[in-house]
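Before any comments, here is the structure.
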Amino acid sequence: AKAAGRRQWRHYRPALQTGMVERHELNEHLDSAIAESAFQLYYQPIVDLRSGDLVAFEALVRWPHDRRGMVLPDEFIALAEESGQIVPLGAWVLERAAQEVAAWHAASSAARTAAGRPPLRVNVNVSARQFRDAGFVDVVRRALAATGIDPHTLVLELTESVLMRRDDRIHADMATLSGLGVGIAIDDFGTGYSSLSYLREFPISLLKIDKSFIDGLGHSPQQYALVEGITRIADTLGVQVIAEGIEHPDQRDLLAAMGCPLGQGYLFAHPMDSPDARALVRRTSYE
Ligand code: C2E
Ligand code: CA
Ligand code: CA
Ligand code: CA
């Protein structure tokens, strides 16, 4: 059923080629979808590459649409950013993800503590526009307050486009968030205007190496050296690395051997819906 679901999503993509009318229509649909909280979050496991332990999930938004089927974020996030709709949509995502991590903790924290493992975390994607919105820090505070979760179990994934702006408020907001205990990850590291100096300049706790670097690990000595170098430097600075888009066991083995602590990708699991994620949390907490 899962595989069929994925095929169907892909099948619907061509329908979303956006001309002006389409775009207008999509914006209106987005508005009502936001008003009705008609989105869904899927969750993809992030694992400890040595032990295989589940350490976190990344929350990934989906839009179940009556005519278009399950619409993937690549089809509407950019549009929502342009129109500003990402602000209410992103607030919903944060609140929903915080509720979900609260449910995982209720199901697993005692067992995980007994096993000496930290509580599960949730990683939430935050777009540049959303982060720059003046109300963003309050949205995070509200999500924390509404759910009572330990702020350390919430990680915000930001892309380099946020960090590129040398803006005082961005520095201040990052300091506030990190002061609350919230983790900050650089997403898609290596694809944009990547700079290791971001790791010095901002309170970064995690760095996600983009899939394009992981793809070439096995056959490109240059890619291998790059990933290993980034991992080493990050480790020295106390920043944890997550390798994204791991699809093959040999990639996992190379990464584990070079000391990359965390990984994510289809090799371990595809993004799954909330009931499946909860079932996985229960299964892995009582082993
Ligand atoms: P991302 O943050 O880089 O998320 C990783 C994407 O790679 C996800 O696609 C995930 O399903 C996919 N992926 C994971 N493992 C593998 C793998 O092994 N192989 C391959 N080929 N792909 C893999 P998805 O869910 O379609 O999301 C696409 C992008 O949409 C995300 O890229 C993120 O930039 C954005 N996005 C998703 N949810 C949100 C959200 O709630 N807010 C914002 N602002 N952006 C979001
Ligand atoms: Ca991400
Ligand atoms: Ca990414
Ligand atoms: Ca990406």
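Any idea which residue in the stretch 75-98 is farthest from Ala35 (Cα to Cα), counting only those that are of a type in the set (D, E, K, R) and in contact (Cβ under 8 Å) with a residue 40 or more places away in the chain?
Glu75
Of all the residues that make up the stretch 164-211, how many are within 13 Å of ligand 4 (Cβ to nearest atom), out of contact with any helix residue (DSSP H, G or I) (no Cβ under 9 Å at 6 or more places or on another chain) and of a type outside the set (A, V, I, L, M)?
Summing the residues that are within 13 Å of ligand 4 (Cβ to nearest atom), out of contact with any helix residue (DSSP H, G or I) (no Cβ under 9 Å at 6 or more places or on another chain) and of a type outside the set (A, V, I, L, M) in the stretch 164-211 gives 3.
Residue by residue, here is whether (1) within 16 Å of ligand 3 (Cβ to nearest atom); (2) of a type in the set (D, E, K, R); (3) under 26 Å from Ile149 (Cβ atoms); (4) outside any helix (DSSP H, G or I) holds:
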{"position": "Ala185", "(1), (2), (3), (4)": "yes, no, yes, yes"}
{"position": "Val227", "(1), (2), (3), (4)": "yes, no, no, no"}
{"position": "Glu247", "(1), (2), (3), (4)": "yes, yes, no, yes"}
{"position": "Cys260", "(1), (2), (3), (4)": "yes, no, no, yes"}
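Name the single residue, out of those in the stretch 210-225 being away from ligand 3 (no atom under 15 Å from the Cβ) and not small (Gly, Ala, Ser), that is surrounded by the most Cβ atoms within 10 Å (Cβ to Cβ).
Restricting to residues being away from ligand 3 (no atom under 15 Å from the Cβ) and not small (Gly, Ala, Ser), the top hit is Leu217.
Given the stretch 22-128, what strands (runs of 3 or more DSSP E) lie entirely inside it while holding 2 or more residues that are under 20 Å from Arg142 (Cβ atoms)?
Filter on the stretch 22-128 gives 54-65, 121-125.
When you scan the stretch 232-287, how many residues do you find that are modelled with pLDDT of 95 or more and β-branched (Val, Ile, Thr)?
5
Given the options Ser161, Ser108, name the one that is away from ligand 4 (no atom under 16 Å from the Cβ) and either among the hydrophobic types (A, V, I, L, M, F, W, C) or at pLDDT below 95 (or both). Write out each step before concluding.
Working: Ser161 fails: away from ligand 4 (no atom under 16 Å from the Cβ).
Residue meeting the stated conditions: Ser108.
The values are calculated or read from the model by the stated rules, or taken from the named source; none is laboratory data. Everything quoted here is computed from the prediction, not taken from an experiment. Heads up, the Cβs are rebuilt from the backbone with ideal geometry, glycines too, and the neighbour counts pull from every protein chain shown.
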